[in-house]
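Student: Here it is, the structure, as structure tokens.
The values are calculated or read from the model by the stated rules, or taken from the named source; none is laboratory data. Since we're looking at a predicted model, the values are computed, not measured. Here Cβ is always computed from backbone atoms with ideal geometry, including for glycine, and neighbour counts include all displayed protein chains.
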Amino acid sequence: MSNIVNIEYNRVTNTTSSDFPGFSKDADNAWDIEKFKKTFDIQISSIDERDINFDLMHVDTSIANAFRRIMISDVPSVAAEYVYFMNNTSVIQDEVLAHRIGLVPLKVDPDMLTWVDKALPDEERFTDENTVVLSLNVKCTRNPDAPKDATDPRVLYNNAHVYARDLKFEPQGKQKETFANCPVVPCDPDILLAKLRPGQEISLRAHCILGIGGDHAKFSPVSTASYRLLPQITITEPITGESAERFQACFPKGVIGINKKGEAVVEDARKDTVSREVLRHEEFEGKVKLGRVRDHFIFNVESTGAMTPEEIFFKSVRILKNKAEYLKNCPISQ
Amino acid sequence: MSNAVIKKRKTANGAEAKHSHDKDENFDALLKPVFKGKKLTDEINTAEDKWNLLPAFLKVKGLVKQHLDSFNYFVDDDLKKIIKANEVILSDVDPEFYLKYVDIRIGKKSSSSARDYLTPPHECRLRDMTYSAPIYVDIEYTRGRNIIMHKDVEIGRMPIMLRSNKCILYDADEKTMAKLNECPLDPGGYFIVNGTEKVILVQEQLSKNRIIVEADPKKEIVQASVTSSTHERKSKTYVITKNGKIYLKHNSIAEEIPIAIVLKACGIISELEIMQLVCGNDSAYQDIFAVNLEEASRMNIYTQQQALEYIGTKVKTMRRQKLSILQEGIEAIATTVVAHLTVEALNFREKALYMATMARRVVMAIHDPKMVDDRDYVGNKRLELAGQLISLLFEDLFKKFNSDFKASIDKVLKKPNRAMEYDALLSINVHSNNITSGLNRAISTGNWSLKRFKMERAGVTHVLSRLSYISALGMMTRISSQFEKSRKVSGPRALQPSQFGMLCTADTPEGEACGLVKNLALMTHITTDYEEEPIRKLCYILGVEDISMVDSASLHLNFGVYLNGTLVGVTRFANKFVTQFRELRRSGKISEFISIHSNAHQKAIQIATDGGRICRPLIIVRDGKSTVEAHHLADLINGELVFDDFLKLGLVEYLDVNEENDSFIALYEKDICPASTHMEIEPFTVLGAVAGLIPYPHHNQSPRNTYQCAMGKQAIGAIAYNQFKRIDTLLYLMIYPQQPMVKTKTIELIDYDKLPAGQNATVAVMSYSGYDIEDALVLNKASIDRGFGRCETRRKTTTILKRYPNHTQDIIGGMRVDENGEPIWQHKSLGPDGLGEVGMKVESGQIYINKSIPTNSTEPFSDDASAQYKETPVIYRAPEASHIDQVMMSVSDNDQALIKVLLRQNRRPELGDKFSSRHGQKGVCGIIVKQEDLPFNDQGISPDIIMNPHGFPSRMTVGKMIELISGKAGVLNGSLEYGTCFGGSKLEDMSKILVDQGFNYSGKDMLYSGITGECLQAYIFFGPIYYQKLKHMVLDKMHARARGPRAVLTRQPTEGRSRDGGLRLGEMERDCVIAYGASQLLLERLMISSDAFEVDVCNGCGLMGYSGWCTSCKSAENVIKMTIPYAAKLLFQELLSMNIAPRLKLDDIFQE
């Protein structure tokens, strides 16, 4: 069976893989590590601090999907979980402000913290090993230097807007040393948390702990981690002349080129967004086949900033490995 | 062709891309003519821009202008009329004495130029006060021999309608509003009485002082009726047929009187003249009417005196002093019959003509059954507004005030030998409370009881619903009908064609009030009363022959001119007269709200100046061309012209329903033909404010729009800019409301985009998990974590610290502490002052107001011993904890300390919470799914909501699908798209944007399953739809009970969630259990778990005893203990108490 998912006008066919033992009587299809080693490939097409885009080839969908799922929900990261309000005279309610602070991504290496034991009583729960304390102390005052005709509250008042950068790290115990080189700061300092007016103030402490995305989206280290399958365009009959230009227009720029003969040729199918526009036009009926390669995953991982995206992926691999190990050691499996 | 169009779009797009906001309109205006293959001309531009008249209209009129206008008219004009009508108070004792009201004002003294200080409305809301202004009168009265003038005497306080011209918010700018803690977007138009916001709903009634002809073909009855309404009385006069003859009927006349006799009584003695007045020279009518003349002569009534005496004998009188029969007759004709016409110097001719007209209409209806009127026709309806209702009430109270005042004056004057000259001013203040409290009571209870009309009306006012901005707005445009809800008639409920543009076609409740409660359309105005006299004079100037000069014979040869239903003259040149009249109105010589229309069937020209008619503005078309041209609209947009200028320039005029019927209105500029007289300003104004929220409503099945109108009012969102300052009984707020991606022009006009109620959710239309059957929705947990659908409830508790006659009063205790100095658990959220501290969490069982009341509040406590107090704390009881948001301490109107505590609860969506899109598609959350399990697209986007596709085929909400596509295009394009009714962004354009951005034109994406990671085999309809969270949340409804309270009388478990009641195993359920044969289950459910009771039954006498003793047999021999339901025991005893002795005969069922 081909490993191409067929993109038809109103349906998608051949979506499931069939290379497993017992699917057909002819092929064995047993998983073979040597064969896997030979075929498996990773290609990184772009990488920076926040984003990574790489191709994962010749693995089963379930494996690729497992990485995606783990990156979203099982890779731990640090976020504010308990917020203690000393004072809040702003219009924003305590619960809402706490929720907003919780969602601020923090630049903390999750490996520097241990897990909090929720079974312990409140007083013993937080230690300098498992908790990072942030504090927010802002007070809005009038700006005496503001020009008379100013209407912008940010000019008229000091601290009219409270941003994520106003969250200050308070090292506890030995954290002064451990976090000396990497003080905890929000990854994006410009997240607006609250707006104040003269006389209003906010004073709070937030306890940030380790958690996983499955518990709350704020612990997810990625803003999104997903993949798409590599598009494939097959021109079965030559398309020439003006028709070729119209054909080209059915795809995003750079997907279809026109060669010297005036024939449409596939230049770069990877750039296609698979809008299926071409299938709408009668003139191309039967001349083109759209598909996607079922075991070619173009991954896109967007980090929230706490970790580099590649680290998140590596962690997901490690976690999957641990899970497999755990399953292997489970008494049930024997 | 299509490709060429697309290319042109592209270039236009590129050129326009730099302009940011007004891009859309210009863009469309540029493009559309090309689209239809037309040239760029000015005409097309007008068609596109003329909708700008609508915001201009709303700028002048506002959404609740009808209420404000009506109230303003009342306080400025109507009050003066009422004073004039009840001007003088005379004394029965002292003929010298008089008191005369000269002038009346509200909220302003004559001496000062500024208005009085009023307690600001928001303070009134918070302090449970009434937002009112003093009523000042200037009086002139005698003291002894002197005539004394006195200015600015306060006779009471008048509740003030917010944003009316007596309100301090009148014409206030945003800054002033903010200073007063008011929301600038709040429409006003309501009252604040005792701290609650009260709306006087618009009442719909059959028009007064007009003839309505009805026929009942079954009973062969034709009747013409007129409800006469004057300041003094209301009465109804009928002209009916009975056995083919015509009679006059009135409530205060014992039996029907032949019409000929009535006309004779009015001085039309000649039978020829009667015939001429009723039938003209139409022989068919004469044949029908002739019998009536015979009837009169058979009774030997030939002269006016005979006729009057005949009537005099039939009158029901309740007079103190007896009048002669003749006088009774004169009185009846002059004042009771057709009371709205006044008779001067016993000249009955006007009245005779009126009744002849009624008779004529009856004859016409007999001749041609089609000549009847339709009661449900909107032109035959009048809307009664707040001003008119308060005016009725005020006049009643004012009359009572005057009679009380007179009584107290008489009482003083009656005493001989007074030491001092009596000053009437001294006793005026005594009664002033009557007016104030009368007005307050009526508005706060909604009971309008008017002595004069013997009218008792309940439910006139309603509490302004502050569930959402839309619900408040919807309430201000609501019209309630006087019609009974329980009656099963379809006529008044049906959608009338004449409703077009006047009343919203979609917004009506479902169920019993369906079609009876209506809403105003967006661009309507309700008229106020206008003087008749100048119009009458104008008619004569325009060549109308005065009716008093017209010879009876020629009366029906020409068109009759009717002013407010009364014949005032005839004209031979009907069309010319109507045209001239309209020209005068268009040139602003007479009020724009006076309507004129001709009725060829009745040969009548009707002029209406009365209040309560619904009308709407239309563009005037002359010579097949719209008078509004591009340059006018350009001036309008530049602000050089306002809406009123369009009226003055004769470009736009108001038409009421009747005049609309006399016009030929083109919908669009392209529809104008030589016969056209008017053109619509914007077709989407057929809908009201609430229905205007629906995107693409013209693509939906109509009931869906109606459902959305009901649900839009339940959506949680932002309520007003001052929402956090308000302390309402219950307030629902959304934490992160968003303006919809797909807006409508109405949304912008009513500022819904500034106070939205909903969020743009990415929706995937697919089935998922099976937890989505029956319209249930699948929600994304990560979206909820990030704030989707979060809302807040704010609940108020009010406590009053009472003072008692013995100088004790309620007190607030501090908090109680344990041995460590820590407050006890119940008092944890209290501060040292005994009130909850702001920001503290209160859990169920904790106290947030620690109030104590004195044990002894009546007897004065004798000695120094301090008073004893009993703790009556306010305990928080709810399944979830709350936070204290605000604590307010103040003093209410009656000097008692008032404490209000606002508790706030933050809620994230949970299973069972209700959501709805804007297309009448509601659903509850069926399951919350982790993000990684949800499907995702190429971009990695997973849906916030998954909706089951089965919701579409039967509901036919195509608008929702188009909303999704427009929304998706808008998201990709970075623009807000429009789904305005009969317009909006075109589907083709939206699809084009989708394709350009690399998506499928149909809005269907290829998704990957989040669980398996494989592609889904179908393309999924995927994009943003605006979703509303409705107020029905599981947390407020969840309820379960194992053991709990029981009712005192029956000892059965209580009923209802609020009383922690049990869930009833009802009759039908009982039947099932019986049918199944589970007798032990039956026994357990119905007795053991309910009201089992052990009784001692005496098997000797069959009665019940106690403690093993039968009191009637005086023995313990046959007493048997058994268990029966307490309710059964109660029944036996109740039967005993009415002398029925139920005797129990006991036997063993298991006999050996």
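Student: Can you find, within segment B:1022-1048, the residue that is farthest from B:Val765 (Cα to Cα) among those that are aliphatic (A, V, I, L, M) and touching a helix residue (DSSP H, G or I) at 6+ places or on another chain (Cβ under 7 Å)?
Tutor: B:Leu1030
Student: Those residues that are under 19 Å from B:Phe348 (Cα atoms) and part of a helix (DSSP H, G or I), I need them from segment B:297-313; list them, please. Outline the logic, then answer.
Tutor: Just the residues of segment B:297-313 that are under 19 Å from B:Phe348 (Cα atoms), to begin with: B:301-312.
Matches in segment B:297-313: B:Gln304, B:Gln305, B:Gln306, B:Ala307, B:Leu308, B:Glu309, B:Tyr310, B:Ile311, B:Gly312.
Student: Let me ask something else. With the checklist (1) small (Gly, Ala, Ser); (2) in contact with a helix residue (DSSP H, G or I) (Cβ under 6 Å, 6 or more places away or on another chain); (3) in a loop (DSSP other than H, G, I, E, B) in hand, flag the one item A:Ala119 doesn't pass.
Tutor: Going through (1) small (Gly, Ala, Ser); (2) in contact with a helix residue (DSSP H, G or I) (Cβ under 6 Å, 6 or more places away or on another chain); (3) in a loop (DSSP other than H, G, I, E, B) one by one, A:Ala119 breaks only (2).
Student: Sticking with this one: Let me spell it out: the conditions are (1) basic (Lys, Arg); (2) away from chain A (no Cβ under 14 Å); (3) buried (at least 19 other Cβ atoms within 10 Å of the Cβ), and B:Arg794 meets all of them except one. Which number is the exception?
Tutor: (2)
Student: On the given criteria, is B:Ile428 within 21 Å of B:Ser132 (Cα to Cα), at pLDDT below 80 and buried (at least 21 other Cβ atoms within 10 Å of the Cβ)?
Tutor: Working: within 21 Å of B:Ser132 (Cα to Cα): yes; at pLDDT below 80: yes; buried (at least 21 other Cβ atoms within 10 Å of the Cβ): yes.
When the stated conditions are applied, B:Ile428 passes them.
Student: Among the residues of segment A:93-102, are any crowded, with 18+ Cβ neighbours inside 10 Å, among the hydrophobic types (A, V, I, L, M, F, W, C) and not in a helix (DSSP H, G or I)?
Tutor: Within segment A:93-102, none of the residues are crowded, with 18+ Cβ neighbours inside 10 Å, among the hydrophobic types (A, V, I, L, M, F, W, C) and not in a helix (DSSP H, G or I).
Student: Something else now. Are there any strands (runs of 3 or more DSSP E) wholly within segment B:100-195 with 3 or more residues that are of a type in the set (Ser, Thr, Tyr), and if so which? Give the steps one after another, and end with the answer.
Tutor: Working: elements: B:132-143, B:146-159, B:191-193.
The strands (runs of 3 or more DSSP E) meeting that bar are B:132-143.
Student: Of all the residues that make up segment B:367-421, how many are within 23 Å of B:Leu206 (Cα to Cα), outside any loop (DSSP other than H, G, I, E, B), in contact with a helix residue (DSSP H, G or I) (Cβ under 8 Å, 6 or more places away or on another chain) and of a type in the set (A, V, I, L, M)?
Tutor: Counting residues in segment B:367-421 that are within 23 Å of B:Leu206 (Cα to Cα), outside any loop (DSSP other than H, G, I, E, B), in contact with a helix residue (DSSP H, G or I) (Cβ under 8 Å, 6 or more places away or on another chain) and of a type in the set (A, V, I, L, M) gives 5.
Student: Looking for whichever is assigned to a strand (DSSP E or B), of a type outside the set (A, V, I, L, M, F, W, C), closer than 19 Å to B:Val652 by Cα and at pLDDT 90 or above here; the options are B:Arg616, B:Arg585. Which one fits?
Tutor: Only one candidate passes the filter, namely B:Arg616.
Student: Hey, among B:Gly951, B:Gly970, B:Gly940, which residue is out of contact with any Pro (no Cβ under 7 Å at 6 or more places or on another chain) and within 14 Å of chain A (Cβ to nearest Cβ)?
Tutor: Answer to the selection: B:Gly940.
Student: Which one of these is farther than 30 Å from B:Ile681 by Cβ and crowded, with 17+ Cβ neighbours inside 10 Å: B:Ile535, B:Ile479, B:Ile541, B:Ile547?
Tutor: When all the criteria are applied, what remains is B:Ile547.
Student: Another question, if that's okay. Would you call A:Ser46 part of a strand (DSSP E or B), more than 12 Å from chain B (Cβ to nearest Cβ) and surrounded by fewer than 11 Cβ atoms within 10 Å (Cβ to Cβ)?
Tutor: Numbers: part of a strand (DSSP E or B): yes; more than 12 Å from chain B (Cβ to nearest Cβ): yes; surrounded by fewer than 11 Cβ atoms within 10 Å (Cβ to Cβ): yes.
Here the answer is yes, as A:Ser46 does meet what is asked.
Student: Which ones in segment B:1092-1127 are crowded, with 17+ Cβ neighbours inside 10 Å and of a type in the set (Val, Ile, Thr)?
Tutor: B:Val1095, B:Val1097, B:Val1119, B:Ile1124
Student: Something else about it: Within the group B:Leu749, B:Leu779, B:Leu731, which residue is within 14 Å of chain A (Cβ to nearest Cβ) and surrounded by fewer than 24 Cβ atoms within 10 Å (Cβ to Cβ)?
Tutor: Matching residue, one of B:Leu749, B:Leu779, B:Leu731: B:Leu731.
Student: A further question on this structure: Do we have B:Tyr302 as surrounded by 14 or more Cβ atoms within 10 Å (Cβ to Cβ), of a type in the set (Ser, Thr, Tyr) and under 20 Å from B:Ser552 (Cβ atoms) here?
Tutor: Considered against the rule, which asks whether it is surrounded by 14 or more Cβ atoms within 10 Å (Cβ to Cβ), of a type in the set (Ser, Thr, Tyr) and under 20 Å from B:Ser552 (Cβ atoms), B:Tyr302 comes out as no.
Student: Do you know which residues across segment A:131-156 are more than 22 Å from A:Phe85 (Cβ to Cβ) and not charged (D, E, K, R)?
Tutor: If the condition is that a residue be more than 22 Å from A:Phe85 (Cβ to Cβ) and not charged (D, E, K, R), then A:Asn143, A:Pro144, A:Ala146, A:Pro147, A:Ala150, A:Thr151, A:Pro153, A:Val155, A:Leu156 are the ones that fit.
Student: A further question follows. Just the residues that are within 7 Å of another protein chain (Cβ to nearest Cβ), touching a residue at least 24 places away in the same chain (Cβ under 8 Å) and in a loop (DSSP other than H, G, I, E, B), please, taken from segment A:5-15.
Tutor: Within segment A:5-15, just A:Thr15 meets the criteria.
Student: What number of residues within segment B:991-1002 satisfy the criterion of being more than 8 Å from chain A (Cβ to nearest Cβ) and either over 17 Å from B:Ser975 (Cα atoms) or acidic (Asp, Glu) (or both)?
Tutor: Within segment B:991-1002, residues that are more than 8 Å from chain A (Cβ to nearest Cβ) and either over 17 Å from B:Ser975 (Cα atoms) or acidic (Asp, Glu) (or both) number 2.
Student: For segment B:1084-1091, check the following and say yes or no: at least one residue is surrounded by fewer than 18 Cβ atoms within 10 Å (Cβ to Cβ), farther than 30 Å from B:Ile962 by Cα and over 49 Å from the mean Cα position of the chain (by Cα).
Tutor: Within segment B:1084-1091, one or more residues are surrounded by fewer than 18 Cβ atoms within 10 Å (Cβ to Cβ), farther than 30 Å from B:Ile962 by Cα and over 49 Å from the mean Cα position of the chain (by Cα).
Student: If you check B:Glu963 against the conditions, is it in contact (Cβ under 8 Å) with a residue 60 or more places away in the chain and within 14 Å of chain A (Cβ to nearest Cβ)?
Tutor: The answer is no for B:Glu963.
Student: Taking B:Tyr869 as the residue in question, decide whether it is of a type in the set (Ser, Thr, Tyr), closer than 25 Å to B:Cys791 by Cα and away from chain A (no Cβ under 14 Å).
Tutor: no
Student: Let me ask something else about it. Within the set of pairs 6 or more residues apart or between chains, which connect a residue that is without any contact (Cβ under 8 Å) to a residue 40 or more places away in the chain and within 25 Å of B:Ile135 (Cα to Cα) inside segment B:440-465 to a residue that is basic (Lys, Arg) and surrounded by 16 or more Cβ atoms within 10 Å (Cβ to Cβ) with Cβ atoms less than 7 Å apart?
Tutor: none
Student: Same structure, new question: Answer yes or no as to whether B:Leu830 is over 27 Å from A:Asp94 (Cα atoms), in contact with a Phe, Trp or Tyr (Cβ under 8 Å, 6 or more places away or on another chain) and either modelled with pLDDT of 95 or more or not hydroxyl-bearing (Ser, Thr, Tyr) (or both).
Tutor: No, not satisfied.
Student: Only one of B:Leu503, B:Leu522, B:Leu464, B:Leu542 is touching a Phe, Trp or Tyr at 6+ places or on another chain (Cβ under 6 Å), closer than 18 Å to B:Ala689 by Cα and not hydroxyl-bearing (Ser, Thr, Tyr). Can you tell me which?
Tutor: Answer to the check: B:Leu464.
Student: When segment A:297-320 is examined, which residues are found to be surrounded by fewer than 23 Cβ atoms within 10 Å (Cβ to Cβ), within 14 Å of another protein chain (Cβ to nearest Cβ), out of contact with any helix residue (DSSP H, G or I) (no Cβ under 6 Å at 6 or more places or on another chain) and not β-branched (Val, Ile, Thr)?
Tutor: Listed by number, the residues that qualify are A:Asn300, A:Glu302.
Student: Answer with yes or no whether A:Val59 is within 11 Å of chain B (Cβ to nearest Cβ), at pLDDT below 95, within 18 Å of A:Leu320 (Cβ to Cβ) and in contact with a strand residue (DSSP E or B) (Cβ under 9 Å, 6 or more places away or on another chain).
Tutor: When the stated conditions are applied, A:Val59 passes them.
Student: Does segment B:759-768 contain any residue that is surrounded by fewer than 18 Cβ atoms within 10 Å (Cβ to Cβ), within 14 Å of chain A (Cβ to nearest Cβ) and within 30 Å of B:Asp933 (Cβ to Cβ)?
Tutor: Scanning segment B:759-768, I find no residue that is surrounded by fewer than 18 Cβ atoms within 10 Å (Cβ to Cβ), within 14 Å of chain A (Cβ to nearest Cβ) and within 30 Å of B:Asp933 (Cβ to Cβ), so the answer is no.
Student: Same structure again: For a quick check of your reading: which helices (runs of 4 or more DSSP H) sit entirely within segment B:678-791 and have at least 1 residues that are on the phi < 0 side of the Ramachandran plot and of a type in the set (Gly, Ala, Ser)?
Tutor: B:702-712, B:781-785
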